[in-house]
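Report on the following structure.
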Amino acid sequence: METRTFKVSYSPHIHNGSSTSKLMWNVTLALLPAAVISVYAFGLNSVRVLFLSTFFAIFFEALALLMRNRNWKQCFDGSAALTGFLLGLTLPPGVSNGIIILGSFVAIIVAKQVFGGLGSNPFNPALTGRVFLLIAFPVPMTTWPLPRGIEQAKQFMGLATTKVTDAVTAATPLAAIKEHAEKALPNISTSDLFFGLHTPGSIGEISAIALLVGGIYLLVRKIITWHIPVSAILTVFVIAMITHFINPAKYPHPFFHLFAGGLIIGAFFMATDYVTAPIWPMGKIIFGIGVGLLTIIIRLWGGYPEGISFAILIMNATTPLLDKYTVPSPFGSKTMRRPS
Amino acid sequence: MKNVIHMILTLSIISALAAAALAIGNRATKDAIAAQAKLKAARAVLKIYPNCKKPEEKQIKTPSGETITAYICPGNRVGFTFSSKSAKGIPRPYSGLIKMMIGIDKSGTVNGVQIIEQSETPGLGAKIAEPSFVNQFVGITLEKGNLKVKKDDPSGMIDGISGATISSRAVTSMVKKALEFYKTSLISQIGPPKKLSSEKKEIIKVPGKIKKDIRNIIKQNKRKRKQRYPVPDSAKDQMIKEGVR
Amino acid sequence: MRAFKEFSKGFWRENPSLVLLLGMCPTLAVTTSAFNGLGMGLATTAVLIGSNIIISLIAGFIPKKVRIPAYIVVIATLVTLVDMFMAAYSPDLHSALGLFIPLIVVNCIILGRAEAFASRNNVIYSFLDGIGMGIGFAVTLFIVGSVREVLGNGTLTVFQYKETIIQYVIYHKEAVSPALVFILAPGAFITLGFLLALKNYIDNLLKAK
Amino acid sequence: MSQTRTFSGGIHPAYNKDLTSGFETVKMPLPAKVTIPVSQHIGAPANPIVKKGDVVKTGQIIAEPGGFISSTIHSSISGKVLTVQPEEHPMGQKVMAITIESDGEDSWIDLETVSDPFSKSPDELKEIIKKAGIVGMGGATFPSQVKISPPADKKIEYIILNGAECEPYLTADHRLMVEDPESIVKGLEIISHITGVKKLYIGIEVNKQDAIKKIEKVLGTNGTIVPLEVKYPQGAEKQLIKAITGREVPPKHLPMEVGAIVFNVATAAAIKNAVCEGKPLIERIVTVTGHGVSKPGNFMVRVGTMVSEVVEFSGGYTEDAAQLIMGGPMMGRSVASDSIPVIKGSGGILVLPEKEVLTDSWGPCIRCGMCLRACPNQQNPQLLGNLIEKGLFSRISEEKLEELVLDDCFECGSCTFVCPANRPIVQFFHMAKAYFRSQKRK
């Protein structure tokens, strides 16, 4: 009998088959409904933005990996693509190509690779990119073309760029409320916000229902847990309800705050970013409440009409602390008699 | 003990020398610093009225009680500084204080506006100091035209700076208040118009470049008006049009 | 030979901003345009040279225990003088640099050089050290200011005195919208961070040779 | 049947138990030669008392316990001692082992059978168990006579038999419960007699319905069968106690701290064999399974038989067999060669084909928190894994370590199983533990 040698590896010898890139692509998949709605609403323009942001995110990731002497093929692991895709979804549909590319650069190089790449970045890269652009280019980043449906998309074929600059612009619902709530409030219907076919806004944030579909998919697949989205949305809802009861003419009803702006995409897809969110359940709940609180404070009393990006980035800074102070007691330590 | 005395002595000598040096420095620069402060205002007047080389100066009081200098130029034209705190009812600027030099002639027409001090966001609100914005006020009176930013009131005459509505609104309101102040109280403070023999019609020479600027702005505004405000087709569009961005 | 070494070390090897990371407050706060950076750098240089000379002269007479207060008095006097002269003869720069002129008093470069160098070396070396460090600081501020101004405003102001302004328009704001963030505070951090990275990168290249 | 019970955390791997769970245990013919290591248990190795050339009988003691926590070793066949020298051991390293050549007779020593074990005093029974070399057969191989004699100040309330067998693939305990429930129950009663504890429980995962029914029939009202949720690591001692009694064993403490003692069902059966029939522990059921063997099955194997022979007997390897694992896929140990003996704790021999062997490349931690949810101990595999990977563990102080409860990790592998970045977290823990042990020794 001949002697066989066997491969040696450490236990366990089986695996559930999950992988980082599968997770990332799943999140990207969950964002697709929102992307489809945006293409319906903004036409080829949104395809342009999403393609450029995603493509250049992957490109910069490969570049950075090369410069860091890593395997550049890791740029296809889905994390860069997800960052780029998320960034694209937070931009207004009319922004110019240069701005998109700069956003991808900041997101991947400045916010992620400079800190050590995947798993090491303290702040959400896509949001860092977006906030950088918002501060750098306030005018283009707050110019919102009106969504004009599929008919317009047909017209855009062939001469998308010239049409883009001529697009009709308008205020986002949140900006309109911020300027003069009394005049604007009666004109905005919640169902428009919910389905998102008529309201101006960022590419990915207009349709609440599409985002909810994606968010529920993530919850069902257990890719994210309920703690962050539920606590963030609930906080916004409760505070919006209180202010609405105090002065209904000035403060919109809670559902308005839920479906307008980027609360849903932020709470489900950005605040839950693994790398930058706390990992323990209690920390996640505190994190979510913080995000909700800061969002609604900025919306109601801050200088900007929308505050979810800032809220998430600020809370990202608290993640290490939350991780440290919310560790649940390990198995059996409750039984342990403490000598004191 | 000897050490302590040594220390005290050393520090005293050094402080005394420093005080002496500062006194000399202060004397050397005092006049120049005072001149600079005046020069700044005078230069702004000169920009509005290029041939008002030697204006008559008069101390006047603003509605909020501060004392400012009015520069009275030939032709009964007055330049005076006006800040965002000089009158009540001016909306707060985005950050800090805005101070401007405004030139008004006896018919109550704005001849020019110069921003002397401001601390608005660079690149956004700071654009209020650029000619393309302030030259919009040239020729405006209280009676004709609606002194409001278009974003707040579609019939307004002033094109706000995009992304800096708050700053534009503050300046527009300042001009309005300055005109009101001119009418209600400034004229009485500076006394009746002097009749000078040399005074006939003084032609204000607008430098060629500014002329060109103004022409361009007018052109641009015409184009913008076309694009920005389409005919609304529903109540919602009406709302959106009035909205901010 | 040593004289040259003391003079040139501030340019690169011991650059106050990029290596010693001293004087971050003016580096970040006033470099909104190239000329503001340069002006701040030159004002600091003037104070630095003056303080280095005076302190190297008087260091021998000052008791150890009161040396810091004595240095501070000297530096504060020099700064106040610079402040007054700048207000008198370059009011635009003075208003742009604003609060940061008096703050030169607490700029770590000056006290740091006084304590670490001038009090232990003779006048000539202290003078050369001050001039070298000052130029290194001014050039760094000028570079930070240039990058920020070009990226954030599209212009490059190299000189400004009374009515004379030398300003190059790098690109037109109407055609390419500049990245405002560079004029704002975060832009200063980003710019300085990239400059630091660039310097370390070059150093590594030189070391590899 | 009452509701199924469980603990929090844990994972649901593919069980693959139907490969062998339906096959009755086959008694393997006597091997021509056995190699019996003197260290088959936790604690000090036993001291050999035979030398080269001695003739031994089946069941004869060939090594005496080497300390308080140690166990007796017996010859598993009759024949002549060939060598007493270090040999390859399933746990790696070379360990002193006694090789015996079979004479083919299998002539036993005189067995002392006891018809009524309950007439004997607990101390006598303990001595029998010690003599018989019984150790925990679930894999931990803790000497049973030690476990059964708790210190006087600890009050024991529960005796729990572990029939969970949560490791995927393995079915040795399952077959034992189906085929010989009487021995298990008898063993349980003997343990109850020794310790004087009346609360008896048998925990069985609900995917073994046939075993539950059989045991229930034999057990009657003497004890309680607790159906457990099918989840890994349900059979881990502390998790089992939590599931059955609701009590959590504190970190760094033994189960007796909360008044419970846990035995594997196979251990209970071995105790019964030792007490009633006088048979020492010289054979056990081994599951040979995996897609790398052509005919998986359960075999009654004498201790010391070579793994290669067991696999040969079951039908041999398939062409693409690539990985040999002693034990289950979660906690078993991958070995390079199959010329190693079966020992008392070997419940399974798992052979994986090429395509099922995992890649060993791994990526950075993305902090997804999957490992935290999987950890049955609610520990912090994510943080600890990262610290250890970056070499920071040498800077963690002893107190910090105590707080992080690294010692309490029993390397169940749940965290690594779920890690999307494929990080070898268990391996990190293993390394860190070894490091701290060496530090303590200094």
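The table that follows gives values for the structure above.
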| read-out | value |
| --- | --- |
| Region B:63-130: trypsin sites (Lys or Arg not before Pro) falling in loop per DSSP and having at most 15 other Cβ within 10 Å | B:Lys88, B:Lys106 |
| Per residue accessible area in Å² of chain D, where ligands, DNA and RNA are left out and the probe is 1.4 Å | 39 Å² |
| Protein accessible surface hidden between A and B, which excludes ligands and nucleic acids, total in Å², probe 1.4 Å | 1500 Å² |
| Rounded Å value of the spacing that divides the Cα centres of region D:263-281 and region D:349-371 | 38 Å |
| Where GluC sites (Glu not before Pro) fall in DSSP loop in region C:123-209, at most 14 other Cβ within 10 Å | C:Glu163, C:Glu174 |
| Tensor-based shape of region C:59-209 (alpha-carbon gyration tensor, a/c under 1.5 rounded, otherwise prolate or oblate) | oblate |
| Whole-percent carbon and sulfur share, accessible surface of chain A, 1.4 Å | 69 percent |
| Flagged links, alpha-carbon separation over 22 Å, of D:Lys199/D:Lys242; B:Lys150/B:Lys176; B:Lys85/B:Lys176; D:Lys80/D:Lys279; B:Lys54/B:Lys176 | B:Lys54/B:Lys176 |
| Dipole magnitude of chain D, debye to nearest 20 (Cβ charges: Lys/Arg +1, Asp/Glu -1, about Cα centre) | 1080 debye |
| Area hidden from solvent between A and D (accessible, protein heavy atoms only, 1.4 Å, total, Å²) | 4500 Å² |
| Residues in region C:80-99 occluded by at least 10 Å² - accessible area, probe radius 1.4 Å, against chain by itself | C:Thr80, C:Leu81, C:Met84, C:Phe85, C:Ala87, C:Ala88, C:Tyr89, C:Pro91, C:Asp92, C:Ser95 |
| Rounded if a/c under 1.5, otherwise prolate or oblate - the protein assembly as shown, Cα gyration tensor axes | prolate |
| Counting DSSP beta bridges with both ends in the protein assembly as shown, the antiparallel % (nearest 5) | 75 percent |
| Where A meets C: accessible area buried, both sides, 1.4 Å probe, Å² | 700 Å² |
| Subset of D:Lys238/D:Lys433; D:Lys214/D:Lys272; D:Lys130/D:Lys213 violating a 26 Å alpha-carbon distance limit | D:Lys130/D:Lys213 |
| Solvent accessible area, Å² - D:Met331, 1.4 Å probe, full protein context | 90 Å² |
| Per residue accessible area of region C:71-176, 1.4 Å probe, in Å² | 44 Å² |
| Residue pairs, from the table D:Lys208/D:Lys344; D:Lys231/D:Lys440; B:Lys47/B:Lys177, whose Cα atoms sit over 30 Å apart | D:Lys231/D:Lys440 |
| Shape of chain D, Cα gyration tensor, a/c cut at 1.5 | rounded |
| Theoretical gain in end-to-end length, D:Lys155 to D:Ser115 [0.36 nm per residue, Cα-Cα removed] | 11.4 nm |
| Cα centroid separation, region D:46-109 to region B:82-135 (Å) | 101 Å |
| Carbon plus sulfur fraction of accessible area for region C:2-208, probe 1.4 Å, in percent | 72 percent |
| Structure-based [θ]222 nm, the protein assembly as shown - -39500 (n - 2.57) summed over DSSP H runs of at least 4, per residue, nearest 500 | -14000 deg cm²/dmol |
| Separation of alpha-carbon centers, region A:1-71 and region D:132-153, rounded to whole Å | 50 Å |
| Accessible area of D:Lys57 in the full protein assembly, 1.4 Å probe (Å², nearest 10) | 100 Å² |
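The values are calculated or read from the model by the stated rules, or taken from the named source; none is laboratory data. Treat the numbers as computed from the prediction; the structure is a model and nothing was measured. All Cβ positions, glycine included, derive from the backbone under ideal geometry; neighbour counts span all protein chains shown. Protein only, heavy atoms only, side chains kept; ligands, DNA and RNA dropped before computing areas. Shrake-Rupley method; radii C 1.70, N 1.55, O 1.52, S 1.80 Å.
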